[in-house]
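What follows is a short report on a single structure.
The values are calculated or read from the model by the stated rules, or taken from the named source; none is laboratory data. Keep in mind the model is a prediction, meaning the values are calculated, not measured. Neighbour counts run over all protein chains shown; Cβ positions are idealised from the backbone, glycine included. Accessible surface areas use protein heavy atoms only, side chains included; no ligands, DNA or RNA. Shrake-Rupley method; radii C 1.70, N 1.55, O 1.52, S 1.80 Å.
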Amino acid sequence: MGLPQRLILTLLSIYLYSATVVNTQQEFKIQSVELIIEPRNDVTAGTNVTLRCHATVSTSTGKGLIREYTILKNDKIVYTKTIGSSEDFVYQLHNARVFSTGLYQCKLDIQGDTKLSKAQRLNVQGLSQPVLHLNTNVVNEGEEVRATCIAPGEIGSFIFFFFDNDEQISRVEGLSSQAKTTLRLSGADIHKIHCSYKIRTAEDTFPSTKSNNVTVSVKELSITPELKISPNSTIYEGDHLNISCSAKNVHSSSEGYKLFLSQGTKLLRTGNSTINHNMVAVPKASKALTFDCRVVVRNVEKYSEKTISVFELFSVPSLTMSPTEVFQGEIMTLTCNSNLQHFASQRINREDLEYTLYPSKNLPSSGKPGVFNVKALQNDFNYTCSAEAKGIKKDSKTLMIRPKVHVSALKISIEDKVILKKSFTILCQSNGSLPINYTLFKDNVQVGTKVIRERNRQAVFMDVINEPGERQYRCEAKNSLHSNKNGSSQHLSVNVIVPLSQITLAVIPSSLKISEGKELNFICSVNGTGPITFKWYRTGSVVPLQTNTTTETYSNLEIKPVSKNDSDEYYCEASNGANKVRSENVNVQVFMAPWKKGLIVVACLLLLLLLVLLLVASMLNIKSKRDRREAAAELSVKPSSPKSDDPLTVNLTHDTDVYNAATVKVDRAEVSVWSKRKPETESDDEISEVSNEPNVEYTEVVHARSTDPARVPLRKGTDTVYSELQNSPNGAADPPDYGSVEYAELNREQFEISQYDPQVHSYQDLPEPVD
């Protein structure tokens, strides 16, 4: 590099550095970046296309910024450039090709701040026509041709195709606009060769048109293979064959040919000159033999093929079994036999055939060719046989023998409950070889048959019994058409369940009224067959009082001793597997025991007698007190005048009893012993004030001591007698002569009447007045 160039680079670096320093000192904002494709987005191949990046950037100083532009195609970077001006960045696509088709974007980067434009699609249409070149137009059969296919002016990823008469014979891939290959043309003929190509982009593949056709003439080789087979007359199995394979028109060994002799797909011999092969004729399934003689020279193959027919000496034997089915341990006959209709009597006799059975251990002799007596084994076994004559041996197909097992362990069962006039299921099953034929009998009368062909399957029969009573069922099973060894089950006894009906609940005693301590018996009876389950309930309870299962049509529940708590409604239920019935409710009342009633009566009488005694005692006590009061009153009253003989009658009453009136004669002239009664016009309020107290008024009467000792007993001093008076229960007023009797204390006046000293006559022996 010269000095001027270095100087220019140095100055440019200084400029860029200073510009960068300036840029760091100003603010900017990338407003938008736009990509423009010129002249347009869709162009033909060979057009010059311009990708223009236009950016709008705002700055604070208005000075230029260092800008880095990047062109992207299908998100991959195509080109990057840094400029220092604000002009549009331009990227040129000279002579655009189909490979240029794609999505383009423009990215602007200023000091780390980037912005990406919207994607614009460029479509380039049209590929150039390919050109084909060959190194020669005439070749011998087996020689190679070198071909070159060119895609003028195209770029990208290519796939080239080479065709022989419109048949593709080669393919080449690469990034170059031309492809070279070597072609091998088969067959002596005129061949027309052309090529084409495809360009692959990220999104699609674009094919070109066909190239020019180039004609190639291929000359045939004169060498031919020759195949000979002897004898050439009718060939039978076992005949010896001689096969030869050679090449004709070989002028020089320099051509380097090679021979191949094959029978079908089996290669017999190879060599560089004539090949001879000897063999015994053994036909295949097609009863024909095909031989192939092939010669190869410089990758050119020529062949000759012949097919010969081989006739059978005898047919392939077949192995059969008699009888067609056999059971374990039984003797069976196996017969190995060839079809005598395909017997070559010109070459062999029937006696020449020898038969062999495999495996051949412990085989009893039958005395006939190909007939073998074999005892059936316990398990499956395979047998084959062969027929052999004149060195030809043919094997039969394998015969697999599966010894059958006689039916055994026959079982019969009933799946459902047997209910009168309802269908039920009967199952029969046994062990043995399939198929098994089952027959069902009811009371020794055949009901039906079933054939079971699958393992672990039961024979299912349906039956209906319309009359009550016991029935006998049994099954028979058979799995052999030629044997009398049938299996038979035991007899199965079936009791028919008759649905329950007409249930009743009886109670003993029948009056439904029972005294405590007695025994209560519920008897539930029903029509039907057992076993029957009886349950007794109290109404409102879901828990049965008792459950009993019996074969009888009735059952009972005992409650002893009963109490009043047993009074309730009862019912019973019965079920027997066919249905369930319920009785009506029965109401039971338990009354008190007679001895309890008598005890209560005796107790009441005793209580009444006690009350009477108490009442009598109380009356006697009251009478005694009354007598004492009367006596005390007579001793204390002294009449003041003979005229005062009017009796003063005091009626004494108790809470419940009315006693006799005590009449005390008092001299009205000497002293008044009654207080005046309140006026009857007294207000109701005053009466109500004392209504809470009993209407009892007390009067204290002081009697003068009588001077007649015969009339009044002698007492000391003056006696005070308290009389208890009670108003009439009906509220009537007392007789008007006396008015209402009130309590009056007259003791003070007695000191004037009495002739005795107050100190001598004491009042302590009398009862005190009660308020």
Output ordering of 601-608, 146-153 (per-residue mean of other Cβ within 10 Å, highest first) is 146-153, 601-608
Across region 601-618, in residue order, what do the Karplus-derived ³J(HN,Hα) couplings come to in whole Hz, using 6.51 cos²θ - 1.76 cosθ + 1.60 with θ = phi - 60° and x for Gly and Pro? 4, 4, 5, 5, 5, 4, 5, 5, 4, 4, 5, 5, 4, 4, 5, 5, 4, 5
If amide hydrogens are placed 1.01 Å from N in the peptide plane, which non-local residues have theirs closer than 5 Å to the one on Val57? Gln31
Place a point 7 Å from the Cα of Tyr79 along the Cα-to-Cβ direction; which residues of region 37-54 have their backbone N under 15 Å from it? 37-39, 47-54
In debye to the nearest 20, the charge dipole size for region 117-221, taken about the Cα centre with +1 at each Lys and Arg Cβ and -1 at each Asp and Glu Cβ, equals 500 debye
If I take R0 = 56 Å and measure r between the Cβ atoms of Arg402 and Lys266 in this structure, what FRET efficiency does the formula 1/(1 + (r/R0)^6) give, to the nearest 0.05? 0.90
Rounded to the nearest 20 debye, dipole of region 33-187 from Cβ charges on Lys, Arg, Asp, Glu: 680 debye
Which of the listed residues, Pro152, Asn140, Pro130, is farthest toward the dipole's positive end in region 114-184, when Lys, Arg count +1 and Asp, Glu count -1 at the beta-carbon? Pro152
Could you point to the residue in Phe291, Ile199, Gly187 farthest towards the positive end of region 174-331's charge dipole, with +1 and -1 charges on the Cβ of Lys/Arg and Asp/Glu respectively? Ile199
Which ³J(HN,Hα) values, rounded to whole Hz and listed in residue order, are derived for region 499-510 from phi using the Karplus coefficients 6.51, -1.76 and 1.60 in 6.51 cos²θ - 1.76 cosθ + 1.60 with θ = phi - 60°, glycine and proline given as x? x, 6, 7, 6, 7, 9, 10, 9, 10, 10, x, 6
Find, to one decimal place in angstroms, the Kirkwood hydrodynamic radius of region 389-528, where the mean of 1/r is taken over every pair of different Cα atoms and then inverted. 19.6 Å
What full-extension length gain, to one decimal in nm, is calculated for Asn521 and His54 as 0.36 nm per residue of separation minus the Cα-Cα distance? 156.4 nm
For Asn95 and Asn565, compute 0.36 nm times the residue count separating them, minus their Cα-Cα distance, and round to one decimal in nm. 157.2 nm
From the residues Cys385, Val407, Asn337, which one has its Cα farthest along the dipole of region 326-461 in the positive direction, the dipole being from +1 and -1 charges on Cβ of Lys/Arg and Asp/Glu about the Cα centre? Val407
Residue-wise, which Karplus ³J(HN,Hα) couplings in Hz belong to region 405-419, taking 6.51 cos²θ - 1.76 cosθ + 1.60, θ = phi - 60°, and x for glycine or proline? 10, 4, 5, 7, 6, 6, 10, 10, 8, 10, 7, 9, 6, 8, 10
Working out 0.36 nm times the residue gap between Tyr554 and Thr224, then minus their Cα-Cα distance, what length gain in nm do you get to one decimal? 107.4 nm
Out-of-range pairs (alpha-carbon distance over 21 Å; input Lys375/Lys404; Lys560/Lys580; Lys29/Lys63; Lys306/Lys394; Lys421/Lys450; Lys417/Lys478): Lys560/Lys580; Lys306/Lys394; Lys421/Lys450; Lys417/Lys478
Size of the dipole of region 485-602 about the Cα centre, Lys and Arg at +1 and Asp and Glu at -1 on the beta carbon, nothing else charged, in debye to 20? 80 debye
Inter-centroid distance (Cα atoms) of region 314-353 relative to region 52-75, Å: 101 Å
Viscosity 0.692 mPa s, 37 °C: Kirkwood-radius Stokes-Einstein D of region 449-534 over Cα pairs, µm²/s: 178 µm²/s
Keeping all protein chains in place and using 1.4 angstrom, which order do Met332, Met400 fall into by accessible surface area, from largest down? Met400, Met332
